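Here the structure is laid out as structure tokens; the discussion comes afterwards.
Bear in mind that the values in this text are calculations on the coordinates, not laboratory data. Quantities reported herein were computed from a predicted structural model and do not represent experimental measurements. Methodologically, a virtual Cβ is constructed for each residue, glycine included, from the backbone with ideal geometry; neighbour enumeration extends over all protein chains shown.
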Amino acid sequence: MQPQRNLKALTMNAIRYVLSGVLLSCCLAGSPLMLSAQGDSTLYVVSYLEAAPASQRQVATMLTQLADASREEGAMRYEVLQRTTEPNQFLLLEVWKDQRVLDMHTGAAHTKRFREQVAPLLLAPIDERLCTATIVAAPPRAGRGTVYIVTHIDVPGTNRDAALRLMGQVIDQSRNDRGNVRFDVVHQKDRTNHFTAIEAWADQSSSNDHQLAPHTLTFRRGIGPLLGALYDQRWYRPL
């Protein structure tokens, strides 16, 4: 009886091991298990704005006012970022519960008024990208000194799974780095091979350390050959 019990225990352990491997492989391969990890209809909007240099301060004020009004009407998260090297460039990071709430925001009087008033102050139309979660955690609120890094990552569809594996690995490791506040990836709803990586770091020092970390360098070496466009990485500060 003892050998039979041992054989049964070994068999069950082997089954658990195989199942664990299958689940892990699915997650790292970017399967529906990974992409629907949030289990809801949450939407993420990433918007780029480029103000005329003379209108930079005015646009910044208008964006902070828009953010305040949007939070009051139900935005789960609404952040305004200003690029550190080109301060006339701004980024909006929005999180909405679902399409219905987002549609209400889009149709709100204050949103329409903002778009009408800001249009003449911009060098180009707002570049707005509707996204859903790829790898997302619930981040804490960032402080005034937080350093943001937002990277647009495009890969051909045939390289998507390989890119997701690399992103999953570097995010898992980077969230344990000193000073990490946030490290998420979302993908465009209509172009699922177009990703936006959103990082937040407590300060410039921790951001610099992360850039030189072995797992970051490994990711950069691995993602390079998979790209279909420039690896577009930009630094921002919150307003």
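Details
- Highest average packing first - 212-225, 90-103, Cβ atoms within 10 Å: 90-103, 212-225
- For CYS131, nonlocal amide neighbours, meaning residues 5 or more places apart or on other chains whose placed amide H falls under 5 Å from its own, are TYR44, VAL45, VAL46, LYS189.
- Full-stretch length increase - ASP161, ALA213 - with 0.36 nm per residue and alpha-carbon distance subtracted: 16.4 nm
- Per-pair calculated FRET efficiency, R0 = 45 Å: THR61 and ALA137 via Cβ, rounded to 0.05: 0.90
- Sites MET76 and THR106, calculated FRET efficiency, Cβ-Cβ separation with R0 25 Å, nearest 0.05: 0.95
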